[in-house]
1. Do you know which residues across segment 32-58 are at pLDDT below 90 and exposed (fewer than 15 other Cβ atoms within 10 Å of the Cβ)?
2. What's the number of the only condition in (1) at pLDDT below 95; (2) crowded, with 16+ Cβ neighbours inside 10 Å; (3) under 19 Å from the mean Cα position of the chain (by Cα); (4) in a helix (DSSP H, G or I) that THR107 fails to meet?
3. Which numbered condition trips up PHE51, out of (1) without any contact (Cβ under 8 Å) to a residue 40 or more places away in the chain; (2) part of a helix (DSSP H, G or I)?
4. I'd like the full set of residues that are polar (S, T, N, Q) and closer than 24 Å to ALA104 by Cβ, limited to segment 53-68.
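The values are calculated or read from the model by the stated rules, or taken from the named source; none is laboratory data. Owing to the predicted nature of the structure, the values given are computational and were not obtained by experimental measurement. Methodologically, a virtual Cβ is constructed for each residue, glycine included, from the backbone with ideal geometry; neighbour enumeration extends over all protein chains shown.
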Amino acid sequence: MSDKTEKAEQRTDWAEDRTIMANERTFNSWMGLGLGSVGVAIALKAVFGAFDPTWAAKVVASLFLLAAIAIYWTAAGQAHKTHERLTCRDAEALQSKNFRRLAALLTLATLGTGAVLWML
């Protein structure tokens, strides 16, 4: 194999590693968006705490919590699909199942937040 071919293959390998890392950063950004939705839900409860009827503010807050859960699982699905298509060379990438584990954990936390908001 020629030196040019080896260097081209090496650049391709590095490009795949960069794509894997970009996939992880994108996943993290989507998780941040989901957590931002949870923050909006909590803020709605704080702002509209004395709102009457209280169920209306709780329903709107719950919609933001549901949006957060949808964001978590959409991001996990996309990150998993992208991760499975790529081959890691030098970078130490997350295992693909970690995307779903984090989405599951954040879903549980978001559901817990929703339960607390409805009890207040």
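1. ALA46, VAL47, GLY49, ALA50, PHE51, ASP52, PRO53, THR54, TRP55, ALA56
2. (1)
3. The one condition PHE51 does not meet is (2).
4. SER62
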